[in-house]
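Please read the structure below before turning to the comments.
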Amino acid sequence: MKMSYTAEERGNPNTLSYRVFFKNSEGKYISPFHDIPMYADEAQNIFNMVVEVPRWTNAKMEIATKDVLNPIKQDVKKGKLRYVANVFPHKGYIWNYGAIPQTWEDPGHKDTETGCCGDNDPIDVCEIGNKVCSIGEVIKVKVLGTLALIDEGETDWKVIAINVEDPEANAFNSIDDVRRLKPGYLEATVDWFRRYKVPDGKPENQFAFNGEFKDKDFAINIIKSTNDYWKALVSKKSGGELNCTNTCVSYSPFLCTKEAAQAVVDETSPCGIADPVPSDVDKMYYYEKK
């Protein structure tokens, strides 16, 4: 059965109260971390992707892994909503950015490829299609390769993928197709991840494999391994600081009722008027490349 998902906004956009909750086609509230299957079509290696950040936008929206039902909310640093800086020539995120559900980069596992532990989040995806997606959209993607970012000492895989509904999707079947058909995009992706924290006073990020992209098969194997770590997380009696409440994972001790999930959403306020985005979010930063 093909599942479709809808996103429901709660609270006021561009404020600390803003949340995006998820419902399945039965109208039941679900967790985008735990209840949306990793695969949209396992035979074809098509994965589901939860869009957290639409292309060209700056708000660092993410699945709230520590909150009940894991709604999408904006990251907060020192009590302020977090926006990604524009490092010339980039404006905001340069792809639709999000995560593959039912995956987890285990901080207790040292990656044999990178020598670093996981970052405690679902695996990240950069979707390179033409359409600018919306927050909370669930799309089906074809995986093309992956980049291994080492972010403050943690392994943070960045999967490169394309929306299967993109008009050009059939032409993209490997990381080399991206290099050939979208020249400069992969280089810009490395540059973006290398420098995006520099305006915050942090050093440039590092990469495993000298910043080279690994191929599709390698990427799919990494995704499958993070699905194994997620299964262990959602099966055990304690998820640690992560919230594993779900409404669809039958074997999980964190399974909750439809009514309990509804009650969680009812505790939040309905979607209200958006606050303005601070004007300094548009500022452009310039650095000499090292």
By how many nm would the segment from Lys23 to Phe88 lengthen if fully extended, with 0.36 nm per residue of separation less the alpha-carbon distance? 19.6 nm
If a/c stays under 1.5 just call it rounded; otherwise compare a/b with b/c (prolate if a/b is bigger, oblate if not). Do that for segment 185-290, with a ≥ b ≥ c from the square roots of the Cα gyration tensor eigenvalues. oblate
Which of the residue pairs Lys202/Lys289; Lys77/Lys236; Lys66/Lys158; Lys80/Lys224 have a Cα-Cα distance greater than 25 Å in the structure shown? Lys77/Lys236; Lys80/Lys224
Mind jotting down a quarter of the surface of the convex hull over the alpha carbons of the chain, in square nanometres, one decimal? 15.1
For the chain, modelled as a Gaussian network with Cα springs under 10 Å, which listed residue fluctuates most, Lys182, Lys258, Lys231? Lys182
For Thr114, the net charge from surrounding residues (Cβ-Cβ under 10 Å; K, R +1; D, E -1) works out to -3
What is segment 74-157 by shape, rounded, prolate or oblate, if you read a ≥ b ≥ c off the alpha carbon gyration tensor as root eigenvalues and call it rounded for a/c under 1.5, prolate for a/b larger than b/c, and oblate otherwise? oblate
Fluctuation leader among His34, His109, His90 - the chain, Gaussian network, Cα springs under 10 angstrom: His109
Phi-based couplings in Hz for segment 179-193 (Karplus 6.51, -1.76, 1.60; Gly and Pro marked x): 4, 7, 9, 10, x, x, 5, 5, 5, 5, 5, 4, 4, 4, 5
Which far-off residues, 5 or more places away or on another chain, put their amide H under 5 Å from the one on Val164, with H placed in the peptide plane? Lys140, Val141, Lys142
Would segment 93-205 count as rounded, prolate or oblate if I go by the C-alpha gyration tensor, calling it rounded below 1.5 in a/c and otherwise prolate when a/b exceeds b/c, oblate otherwise? prolate
222 nm mean residue ellipticity, helices alone, for the chain (DSSP H n ≥ 4; -39,500 (n - 2.57); rounded to 500): -5000 deg cm²/dmol
Under the Karplus curve 6.51 cos²θ - 1.76 cosθ + 1.60, θ = phi - 60°, whole-Hz ³J(HN,Hα) for segment 257-265, x wherever Gly or Pro sits: 7, 4, 5, 5, 5, 4, 5, 4, 5
Can you work out ³J(HN,Hα) from phi for every residue in segment 65-78, in order, using Karplus 6.51 cos²θ - 1.76 cosθ + 1.60 and θ = phi - 60°, giving whole Hz and x for Gly and Pro? 5, 9, 9, 4, 6, 6, x, 7, 9, 7, 4, 10, 10, 6
Between segment 17-84 and segment 220-290, what's the alpha-carbon centroid distance in Å? 5
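All of the numbers you see were taken from the coordinates with simple rules; none came from a lab. Please read these numbers as outputs of a predicted model, since none were measured by experiment. Every residue, glycine among them, receives a Cβ derived from its backbone with ideal geometry; neighbour counts consider all protein chains shown.
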